[in-house]
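Reviewing the structure listed below.
Every number here is computed from the coordinates shown, using simple stated rules; none is lab data. Owing to the predicted nature of the structure, the values given are computational and were not obtained by experimental measurement. All Cβ positions, even for glycine, are placed from backbone atoms using ideal geometry, and neighbour counts span all protein chains on display.
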Amino acid sequence: MLGIKPNTSVLSGHPAITANQATAVAGRALAQAERADSLRTQEAAKTAYTGLALKTAPPRYVVEKVLDPGKNSSGGALASVVQPSRIVITAGRAFPRTVIAVWTPQGSTTQQVAVLDSPDVRSPFRVSARADMLPGVGLPATAPNTRGASMLPADVEGLAATPTRAVADFAKLLQTGTSASTKFAPSKVVSDVRSKAAAQAKGVKAVAVFNQSHVPEKEGVRVFRTADGGAIVVAAIDRLDRFTVRKGAGVINPPAAYRALGGGMKKITKSATVQTVQMVVLSVPPQGKGPVRLIGFTEDPVAVTGS
């Protein structure tokens, strides 16, 4: 009679969880990641990781078992208590839901940024991307967790470059030393990657031709609005190292990590390709407010093919 109806609307622009809840779920998700990294099995990785993080974890375990066979793999991280140093909650109540955590893995002195996702109400948060923070830097300020940081499309404008363009230009910077259009702050990571590529080319020049390319992955670009109107961009770049042996010049003896990923490949007589996933975290300011900065970076070889 009074025309009263139930209120079924939700505050879609506000976070679905509180800061305390986000800290708790991040702690559980990161502890599960540490457990998987301790067990070093594909089954354990599937319980802790998804997306790009799941793509890189099992190959990393293969390499670790060869390079560090004595490491405890009994699940010693089962009782690990993880306390993130910072939590960023994203705005909105729809699924998938995302939380960003900054933390220091057990036994490490390097902080790491991790993106945690929950695809639906029945699924726990799992790590979908992670990268080591560079020394002396941190994530830019974001909106208060009571409001949440907006998630943005990869082609959003109004920034120093669209996220898609910034990642593509950073890939070109790694490969050639120059950027197509985006201005980047100087980074030791870039000079180190290029120096190592030059060393690889020099190391095999007597028997083979070496070529390195950097190709942005189309999937998995994540963009989060910062308090100053800029953005945090998390993305992956595929680094492809190609070795082509000159006929009659000899063979290449691959290092232990490459042999492990190549299924026991003992020598390269014709050609080989090594795929390495580079996780990058960029701080992209608003247009006209300075250069793009690299704030997080991790490389993981994931595949070796050849003969």
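Using unit Cβ charges (K, R positive; D, E negative) and no other charged atoms, how large, in debye to the nearest 20, is the dipole of the stretch 19-132 about its Cα centre?
200 debye
How many percent of Cα pairs in the stretch 163-306 exceed 19 Å?
Every Cα pair in the stretch 163-306 considered, those over 19 Å come to 55 percent.
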Determine which lysines satisfy two conditions relative to residue 183: a Cα distance under 27 Å, and not lying fewer than 8 residues away in the same chain.
-> 172, 196, 218, 289
Would you mind ranking 116, 52 so that the residue whose beta carbon has the fewest other beta carbons within 10 Å leads the list?
-> 52, 116
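About the Cα centre of the chain, how large is the charge dipole given +1 on each Lys and Arg Cβ and -1 on each Asp and Glu Cβ? Please answer in debye to the nearest 20.
Its charge dipole is roughly 640 debye.
How do 265, 279 rank when sorted from fewest to most other Cβ atoms within 10 Å of their own Cβ?
On the way: 265 17, 279 24.
The fewest-first ordering by Cβ neighbours comes to 265, 279.
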Please report, to two decimal places, log10 I(q)/I(0) for the stretch 24-72 at q = 0.15, 0.16, 0.23, 0.26 Å⁻¹ as given by the Debye formula with identical point scatterers on the Cα atoms and no solvent.
-> -0.37, -0.42, -0.79, -0.94
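Around residue 50, with a cut-off of 9 angstrom between Cβ atoms, what is the net charge of the other residues, counting Lys and Arg +1 and Asp and Glu -1? Kindly include the intermediate steps, with their values, before the conclusion.
On the way: positive: 46, 126; negative: 117.
Summing Lys and Arg as +1 and Asp and Glu as -1 gives +1.
Taking loop as defined by DSSP and a crowding limit of 16 other beta carbons within 10 Å, which trypsin sites (Lys or Arg not before Pro) in the stretch 186-269 fit? Can you show the working numbers first?
Details: sites: 188, 194, 196, 202, 205, 218, 222, 225, 239, 242, 246, 247, 259, 266, 267; in loops: 205, 218, 246, 247, 266, 267.
Hits after loop and neighbour filter: 205, 218, 246, 247, 266, 267.
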How would you rank 85, 128, going from fewest to most other Cβ atoms within 10 Å of each one's own Cβ?
-> 85, 128
Projecting the Cα atoms of 305, 278, 128 onto the charge dipole of the chain, where Lys and Arg contribute +1 and Asp and Glu -1 at Cβ, the residue farthest towards the positive end is 305
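Around residue 259, with a cut-off of 11 angstrom between Cβ atoms, what is the net charge of the other residues, counting Lys and Arg +1 and Asp and Glu -1?
Numbers: positive: 266, 267; negative: none.
Net charge in that neighbourhood comes out at +2.
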Sequence-distant or interchain residues sharing an amide H contact under 5 Å with residue 187, placed H: which?
-> none
Roughly what % of Cα-Cα distances in the chain sit above 25 Å, to the whole percent?
-> 54 percent
Put +1 on the Cβ of each Lys and Arg and -1 on the Cβ of each Asp and Glu in the chain; which of 186, 59, 268 then has its Cα farthest toward the positive end of the dipole?
-> 268
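Show that you can apply the helix-only estimate: for the chain, add -39,500 (n - 2.57) for every DSSP H stretch of four or more residues, divide by all residues, and state [θ] at 222 nm to the nearest 500. Working shown, then result.
Working: 6 runs with 82 residues, N = 307.
Using -39500 (n - 2.57) per qualifying helix, the result is -8500 deg cm²/dmol.
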